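Reviewing the structure listed below.
FYI, it's all coordinate maths here, none of it is from the lab. Nothing here was measured: the structure is a model prediction, and the numbers come from that model. Positions of Cβ are generated from backbone atoms using ideal geometry, with glycine treated the same way; all protein chains shown enter the neighbour counts.
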Amino acid sequence: MDKPKRPLRKSKRSFRRRLPPIGSGDRIDYRNMSLISQFISEQGKLLSRRVNRLTLKQQRLITIAIKQARILSSLPFLNNEKQFERAESIPRTTGPRNSNK
């Protein structure tokens, strides 16, 4: 009862290697807002390393740069525009006041 050996098949899907988002010439710095803004979500949160496709060292440097930019008010801590919009005031309907009771 010997089973015939089959050669291992590798999938023939071709994977296109994505280029890293940070080039070798890019400097990770809190002043480089165009680079930093790529790694922040719409809500103002830091994106994970897996989503960013960064190395561990690059992710650490990006995190430090974003925190420095937030402290120096170059970046907002929250990117929630609804928080700053003022809702229209709704007129209150109150009954007649009887203060002489």
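With the simple model of a label 7 Å out from the Cα in the direction of the Cβ, Lys57 to Asp29 spans 1.9 nm.
Extension gain for Gln38 to Leu19 (0.36 nm times residue separation, less C-alpha to C-alpha distance): 5.4 nm. Judged by the mean number of other Cβ atoms found within 10 Å, the most tightly packed of the peptides 32-41, 61-70, 48-57 leads the ranking 61-70, 32-41, 48-57. Taking each residue as 0.36 nm, the span from Ile64 to Ser48 lengthens on full extension beyond its C-alpha to C-alpha distance by 4.4 nm.
Around the amide H of Leu75, modelled in the peptide plane, lie the amide H atoms of Arg70, all under 5 Å away and 5 or more residues distant in sequence or on another chain.
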